[in-house]
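J.: Right, I'll just put the structure down here and ask away after.
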Amino acid sequence: MAMKFSGQVALVTGAAGGIGRAVALAFAAEGLKVAVADFNAEGGEGTVQLIRDAGGEATFVRCDVTSEADVKAMVEQVVATYGRLDYAVNNAGIEGKKDRLPTFEASEFDAIMNVNVKGVWQCLKYQLPVMAAQGGGAIVNTASVAGIRGVKNMSIYSASKHAVIGLTKSAAVEFAKKGIRVNAVCPGLIETDMGLRVIDGAVDKTVYHPAGRMGSPEEIADAVLYLCSDQASFTMGHAMVVDGAISAA
Ligand code: NAD
């Protein structure tokens, strides 16, 4: 069954590479106009070029999601450029260092929370009123399998992704009657710069997944596009696990 999209304009944060780039490319392949947001301009422009090379429409928006002024300007720029905002994928995130919980300094805690939690909250804060005013939309926040279970040596990251799911569910409850669906995707280990950093490059890439391999960014993009599509019209406040059965083991 082909996916259907009533909307025309998608915004993806953290789209300079990895999962965000795959989501941006997937939206563009469905014929949507895509705002590619990131604080990495070189990577973001690279994603835009890939979309244009494939015949799609995209624009780069520089945004550090930890800055409220940047996030406000990002949403305003998308609306100024394309006239509306139908889908938003709040995907920018960092993993922080890998170490035991007591070794974290407050500044390291704050750095992870600022991007992964405050960043997503600020995006929701400016996206939801735009979608409410235009009569609807869909948002997917990138959480993690670490948002539904504890992770050794990644306690703050895990806490931040649990918080993303809390924000997702609460926003879904608040805005369901406004025609806005808010969901989250919970990837397992995915073969991106971050995923490869998390496994340290040294260990067997297959050990974590019962599936015997890491996931691809495109496999997460497929889930994100489903959650945005008309086929997911009654799916709200859901944290969809796409993790090669890590969390089932
Ligand atoms: P990645 O490091 O390849 O990409 C992350 C992107 O976010 C980069 O383009 C980076 O420039 C951008 N970014 C970071 N901080 C930012 C900020 N303050 N403002 C704007 N952009 C910023 O990582 P990825 O694997 O593609 O991860 C994407 C999302 O998926 C993250 O939220 C991550 O936590 C989540 N995730 C990844 C995995 C994995 O195994 N790769 C697993 C579960 C969840």
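The values are calculated or read from the model by the stated rules, or taken from the named source; none is laboratory data. These figures come from a predicted structure and were not determined experimentally. All Cβ positions, even for glycine, are placed from backbone atoms using ideal geometry, and neighbour counts span all protein chains on display. When the accessible area is computed, the model is the full protein with side chains, heavy atoms only, and any ligands, DNA or RNA have been set aside. Shrake-Rupley method; radii C 1.70, N 1.55, O 1.52, S 1.80 Å.
J.: I'd like the full set of residues that are of a type outside the set (Val, Ile, Thr), assigned to a helix (DSSP H, G or I) and either within 15 Å of the ligand (Cβ to nearest atom) or surrounded by 24 or more Cβ atoms within 10 Å (Cβ to Cβ) (or both), limited to region 126-151.
T.: Scanning region 126-151 gives Tyr126, Gln127, Met131, Ala146, Gly147.
J.: When the residues of region 47-66 are filtered to those that are out of contact with any helix residue (DSSP H, G or I) (no Cβ under 8 Å at 6 or more places or on another chain) and of a type outside the set (Asp, Glu), which remaining residue is nearest to Asp110 (Cα to Cα)?
T.: My answer is Val48.
J.: Among the residues of region 24-50, write down those that are within 15 Å of the ligand (Cβ to nearest atom), part of a helix (DSSP H, G or I) and in contact with a strand residue (DSSP E or B) (Cβ under 8 Å, 6 or more places away or on another chain).
T.: If the condition is that a residue be within 15 Å of the ligand (Cβ to nearest atom), part of a helix (DSSP H, G or I) and in contact with a strand residue (DSSP E or B) (Cβ under 8 Å, 6 or more places away or on another chain), then Ala24, Ala41, Gly44, Glu45, Thr47, Val48 are the ones that fit.
J.: Here's a check for you: in region 227-249, which residue that is part of a helix (DSSP H, G or I) and crowded, with 17+ Cβ neighbours inside 10 Å is farthest from the ligand (Cβ to nearest atom)?
T.: Top of the filtered list is Ala232.
J.: Does Arg62 fit the bill of being over 17 Å from the mean Cα position of the chain (by Cα), of a type in the set (Lys, Arg), at pLDDT 95 or above and surrounded by fewer than 24 Cβ atoms within 10 Å (Cβ to Cβ)?
T.: no
Here's the yes/no breakdown for (1) among the β-branched types (Val, Ile, Thr); (2) open to solvent by less than 20 Å² (accessible area, probe 1.4 Å):
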{"residue": "Gly18", "(1), (2)": "no, no"}
{"residue": "Lys33", "(1), (2)": "no, no"}
{"residue": "Gly43", "(1), (2)": "no, yes"}
{"residue": "Gly46", "(1), (2)": "no, no"}
{"residue": "Ala58", "(1), (2)": "no, yes"}
{"residue": "Thr66", "(1), (2)": "yes, no"}
{"residue": "Asp70", "(1), (2)": "no, no"}
{"residue": "Gln77", "(1), (2)": "no, no"}
{"residue": "Gly83", "(1), (2)": "no, no"}
